[in-house]
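The values are calculated or read from the model by the stated rules, or taken from the named source; none is laboratory data. What you are looking at is a predicted structure, and each value in this text was computed from that prediction instead of being measured. Please note: Cβ atoms are built from the backbone with ideal geometry, for glycine as well, and neighbour counts cover all protein chains shown.
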Amino acid sequence: MKNPTYNYILSKIGTFRPDIGIILGSGLGYFADHNIQNQIKIPYNEIPEFPESTVPGHAGNLIFGTVGDRKILCMQGRLHLYEGYSAYEVTLPIRIARHLGISTLFITNAAGGIRYGMAPGDLMFIEDHINFLGDNPLIGQNNSSGSDRFPDMTAIYDRDLIRLGQKIGYEYDITTTTGIYLATKGPSFETPAEIRVFKVIGADAVGMSTVPEAIVGKQQGMRICGISCISNLAAGISPNPLSHEEVNETVKLVKKQFATLLKELILKL
Ligand code: HPA
């Protein structure tokens with residue numbers, strides 16, 4: 001791959017080649033600060049032609065390093081469609097990650113809980129998703145050469161990784177659940193009427209990310225594990241008005257359990 005973004009990253013990492021990718025969602029940057037050793041940190045705004053992260057709670061660093069003996073590339077802060085980026089731009093880091101050798105991708109996010117019984121702080125393994133973005137990162141000429149034009153999306157989220165995550169949760173006394181993640185473009189939260197519709201069509205949680213990265217990751221042949229931190233109950237279910245502050249506050253409360261779950265998954269996969 002010859003482009004300025006890729007070349008700049010190579011100039012920073014030398015011969016280091018990670019094979020596990022992590023995208024950290026809202027408020028989940030803690031994991032990178034406390035669990036990745038031997039860090040090479042590259043702020044997005046230093047990387048040529050790389051989109052910048054503009055959202056509070058999303059630091060905006062590519063971090064290369066190790067977790068135990070595993071070699072990691074971590075996006076501390078992600079890009080969203082609501083920041084004005086195209087679905088292609090949002091997934092540029094995934095395409096670059098693939099070229100660097102990433103074969104397993106952990107995608108994390110904060111999400112609103114829809115299913116009855118969910119509570120803020122729950123950690124949900126994504127079993128499948130509903131793309132409600134009205135967009136797709138594979139539209140247009142950007143389809144990487146040699147990649148499938150019509151990739152199958154039957155089993156995006158790796159069953160074995162979900163099972164392993166559930167087992168780790170059990171061992172470490174971290175409650176986990178599984179469910180269907182629905183992505184909207186945002187940035188406004190949903191209306192209660194929209195949430196009722198999403199519930200009827202099978203969504204357990206709602207958020208504004210993850211789906212573009214998962215589609216590209218699957219097309220590129222990666223094993224994908226999606227984890228949602230339920231940061232609030234969705235609109236109309238929550239007794240309170242929704243806010244980004246509440247999202248970040250709740251995520252803070254479970255960041256340690258979340259970090260343990262992710263770290264153990266990485267070490268045991
Ligand atoms: N809706 C959409 N995105 C979100 C939510 C929500 O309730 N919570 C965190 N991200």
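Some notes on this structure:
- Pick from region 170-195, criterion more than 16 Å from the ligand (Cβ to nearest atom) and over 19 Å from the mean Cα position of the chain (by Cα), ranking: modelled with the lowest pLDDT: Thr175
- Of all residues in region 22-34, those that are under 16 Å from Thr91 (Cβ atoms) have Cβ atoms under 6 Å from Cβ atoms of residues that are modelled with pLDDT of 80 or more and in a loop (DSSP other than H, G, I, E, B), 6 or more apart or on another chain, in Ile23/Arg78.
- When we screen Asp152, Asp148, Asp122 for residues that are out of contact with any helix residue (DSSP H, G or I) (no Cβ under 7 Å at 6 or more places or on another chain), among the acidic types (Asp, Glu) and surrounded by fewer than 18 Cβ atoms within 10 Å (Cβ to Cβ), the only hit is Asp152.
- Here region 23-71 is the region considered, the condition is being in a helix (DSSP H, G or I) and hydrophobic (A, V, I, L, M, F, W, C), and the residue that is farthest from the ligand (Cβ to nearest atom) is Ala32.
- Being touching a Pro at 6+ places or on another chain (Cβ under 8 Å), closer than 23 Å to Thr54 by Cβ and within 16 Å of the ligand (Cβ to nearest atom) is not true of Pro137.
- Being in a helix (DSSP H, G or I), charged (D, E, K, R) and surrounded by 18 or more Cβ atoms within 10 Å (Cβ to Cβ) holds for only one residue in Lys263, Lys256, and it is Lys263.
- Residues of region 238-253 classified as polar (S, T, N, Q), assigned to a loop (DSSP other than H, G, I, E, B) and within 10 Å of the ligand (Cβ to nearest atom), total: 2
- Residue that is within 12 Å of the ligand (Cβ to nearest atom) and surrounded by 18 or more Cβ atoms within 10 Å (Cβ to Cβ), where the choices are Ala235, Ala214: Ala235
- So Tyr44, is it surrounded by fewer than 19 Cβ atoms within 10 Å (Cβ to Cβ), farther than 24 Å from Gln257 by Cα and aromatic (Phe, Trp, Tyr): no
- Spans of strands (runs of 3 or more DSSP E) in region 123-229 with at least 1 residues among the hydroxyl-bearing types (Ser, Thr, Tyr): 176-183
- Verdict on Leu105 being buried (at least 22 other Cβ atoms within 10 Å of the Cβ), within 16 Å of the chain's Cα centre (by Cα) and at pLDDT 95 or above: yes
- A single member of Leu100, Leu10, Leu81 is aliphatic (A, V, I, L, M), in contact (Cβ under 8 Å) with a residue 60 or more places away in the chain and surrounded by fewer than 23 Cβ atoms within 10 Å (Cβ to Cβ), and it is Leu100.
- Number of the exception - Ile195 against (1) over 28 Å from Ala235 (Cβ atoms); (2) touching a residue at least 60 places away in the same chain (Cβ under 8 Å): (1)
- Residue check for Ala110: within 14 Å of the ligand (Cβ to nearest atom) and either buried (at least 21 other Cβ atoms within 10 Å of the Cβ) or at pLDDT below 95 (or both): yes
- The residues of region 10-22 that are in a helix (DSSP H, G or I) and either basic (Lys, Arg) or closer than 16 Å to Leu265 by Cβ (or both) amount to a single one, Lys12.
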